[in-house]
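Asker: Have a look at this one.
The values are calculated or read from the model by the stated rules, or taken from the named source; none is laboratory data. Treat the numbers as computed from the prediction; the structure is a model and nothing was measured. Backbone-built Cβ (ideal geometry, glycine too); neighbour counts: all protein chains shown. Note: accessible area is taken over every heavy atom of the protein model, side chains too, but ligands, DNA and RNA are not part of it. Shrake-Rupley method; radii C 1.70, N 1.55, O 1.52, S 1.80 Å.
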Amino acid sequence: MAFWNRTKPIDTAHEQEGAHQLRKTLSWPHLVALGVGAIVGTGIYTLIGTGAGLAGPGVILSFAIAGVVCVCAALAYAEMATMIPASGSAYTYTYSVLGELLAWIVGCSLILEYTVVCSAVAVGWAGYANGFLESVGVHLPTWLSTGWMADHHFGETFAFDPNKGLISLPAVFISMAVAGLLALGTRESATVNSVLVLFKIAALAVFVAIALPHFDPANFQPFMPNGFLAHDGVRPDGTTGKVGVMAAAAIIFFAFYGFDAVSTAAEETKNPKRDLTIGIVGSMAVCTVLYMLIGAAALGAMHFDDFAKSTEPLALIMRTLDQPMAAKIVAGAAVVALPTVILAFMYGQSRIFFVMARDGLLPHGLSKVSAKTGTPVVMTFVTAIVVSVIAGVFPLGEIASVANAGTLAAFIAVAVSMMVLRVKDPSRPRVFKAPLPWVIGPVAVLGCLYLFTSLSAVAQKAFFIWNGIGLVAYFAFAMWNSRLAKQAA
């Protein structure tokens, strides 16, 4: 078997020796909370305004379309996760079905996704933290509250200036704090995450309960002022770009992904064949319903032109309805939302690193777990250090959309793996069988390809450059040190 298509046997993918085996501590409520924690972040707090600016009230359809693509991908994930209950998510499924080389590319894409998401969210949290500290009379100097690249550029000679950014201390703090929580134990961090997720859901429920009584059908006219298909037009901020329902769907998609982090917990789940399906599909169902309710409540309470430009549209609506306390609750929930997103994605990335090391594609010594906590402590803090450096130094801006390219690549790989396995091994027992596989598989693949083409040129180029560097690393190290390569020798 050639190096590029050697595969891990499906039946033994989840069997590992004790020193490299994760402890089973999670049940389905933890998995649903992990998925909701990853999905419900700042996206719903900000993208409802961004999407409404592109699509008008038709943004409701944008949520539905993005949700359909993600639900199709989630169903494929659920089938693969219950067949291969091993940590590693899309990387592991690809390794077992499509081969090592494609698995490496998917693994690199997931690392890109999780790293950039964690870093971007940490930077976002730092912005809220700086504002909170200012409100209580604590003023961090600029050089401790802002990353170096916010005020400098590549190639610039280093010279310390207290009035310019050096490192975002709050971003580093939240990254390391989340890593510390994860290192304490998977169940402990999942329990804290569940509590924070309940708080987020309660705050959003408060918004819906207050906004719905002010529902005015007139705010839904015209329903699709920019049409259905994506086309060039003038956006609310005065710039020219893609507008329309489908243009909004391409952006709103990014408020949905995160359920894939659930599949990275397969090896730490007590009853993976049941709980993974509930966790993946359940978190997507909860978030899809929640998003559409919030979208309908927001659009009914205020005309979309009035909140499309706001960076905090939900809080703005509450203030406009003369509900200042509710506005503070909604805004406060945004602060709570961010650490749970960091937790879910940092958890996922540390497990991707861990499994790739266990497979020999990264240094094998990084795949050991703590005898006390049953977690990969070393890889968790390696992940946190990488995230902290990026979050502490860079204002990620548009480049954060690079994470979305990694996500879309992983979704495509899982959908293709599901369809290939349906052909290659149709008789294999499937605890959860995705309904209409020859419908949801192509919808997931084609939907993700369309959304990939909707990304900025910068994000697309960065994705290919990153994976090009990854291929060099594969041929220089991973190809020769793979466990499968050593077994074949």
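Asker: Roughly how much of S417 is accessible, in Å² to the nearest 10, using a 1.4 Å probe?
Answerer: Here the residue's solvent-accessible area equals roughly 0 Å².
Asker: Right, next: Quick check: residue separation of K309 and V68 times 0.36 nm, minus the Cα distance between them. What number comes out in nm? All intermediate terms of the calculation are to be shown ahead of the outcome.
Answerer: Numbers: separation 241, 0.36 × 241 = 86.76 nm, distance 2.66 nm.
So the chain would gain 84.1 nm between K309 and V68.
Asker: Hey, how many Å between the Cα centroid of the range 101-125 and the Cα centroid of the range 403-420?
Answerer: With the range 101-125 and the range 403-420 each reduced to a Cα centre, they are spaced 14 Å.
Asker: Also, I was wondering about something else. In Å², and per residue, what accessible area does the range 172-229 have when probed at 1.4 Å with the other protein chains present? Mind dumping the intermediate values first?
Answerer: Numbers: 2910 Å² over 58 residues.
Value for the range 172-229: 50 Å² per residue.
Asker: For L198 and V389, what is the calculated FRET efficiency with R₀ set at 45 Å and r taken between the beta-carbons, to the nearest 0.05? All intermediate terms of the calculation are to be shown ahead of the outcome.
Answerer: On the way: r = 32 Å, r/R0 = 0.72.
For R0 = 45 Å, the calculated efficiency reads 0.90.
Asker: Restricting to Cα pairs below 8 Å that are 6+ residues apart, what does the relative contact order work out to for the range 269-327? Please round to a whole percent.
Answerer: Details: 20 pairs, mean separation 10.2, N = 59.
Computed value for the range 269-327: 17 percent relative contact order.
Asker: Also, quick follow-up: Would you rank R428, R351, R235, R319 by solvent-accessible area, highest first, keeping every protein chain in place and using a 1.4 Å probe? The partial results should precede the final answer.
Answerer: Details: R428 55, R351 0, R235 75, R319 115 Å².
Highest to lowest solvent-accessible surface, that is R319, R235, R428, R351.
Asker: Using θ = phi - 60° and the Karplus form 6.51 cos²θ - 1.76 cosθ + 1.60, what ³J(HN,Hα) does each residue of the range 201-212 get, whole Hz, x for Gly and Pro?
Answerer: Along the range 201-212, the couplings run 4, 4, 5, 5, 5, 4, 4, 4, 5, 7, 6, 4 Hz.
Asker: How much accessible area does I278 have with a 1.4 Å probe, in Å² rounded to the nearest 10?
Answerer: Counting only protein heavy atoms, the figure is 60 Å².
Asker: When the accessible area of the range 187-331 is split by element with a 1.4 Å probe, what percent falls to carbon and sulfur? Each step should come with its number before you reach the end.
Answerer: Values: 4030 of 6150 Å².
The value for the range 187-331 is 66 percent carbon and sulfur by accessible area.
Asker: At 7 Å along the Cα-to-beta-carbon direction for both V138 and R274, put a label point, then send me their distance in nm to one decimal.
Answerer: 4.5 nm
Asker: Based on the Cβ-Cβ distance of K486 and V335, what FRET efficiency does E = 1/(1 + (r/R0)^6) give at R0 = 56 Å, to the nearest 0.05? The partial results should precede the final answer.
Answerer: Numbers: r = 48 Å, r/R0 = 0.85.
Taking R0 as 56 Å, the efficiency between K486 and V335 is 0.70.
Asker: For K8, give me every one of the lysines with a C-alpha distance below 26 angstrom, ignoring sequence neighbours fewer than eight places off in its own chain.
Answerer: Output for K8: K24, K270, K273, K368, K424, K433, K486.
Asker: Here's a follow-up. Output the relative contact order of the range 205-363, whole-number percent, from Cα pairs under 8 angstrom with separation of 6+ residues. Please report the intermediate quantities before stating the final value.
Answerer: On the way: 136 pairs, mean separation 43.1, N = 159.
Relative contact order, the range 205-363: 27 percent.
Asker: Work out how much length V472 to V423 would gain on full extension: take 0.36 nm times their residue separation and subtract the Cα-Cα distance, in nm to one decimal.
Answerer: Here the segment from V472 to V423 would lengthen by 14.4 nm.
Asker: Using a 1.4 angstrom probe and counting only protein chains, how large is the accessible area of E267 in Å², to 10?
Answerer: That residue has around 0 Å² of solvent-accessible surface.
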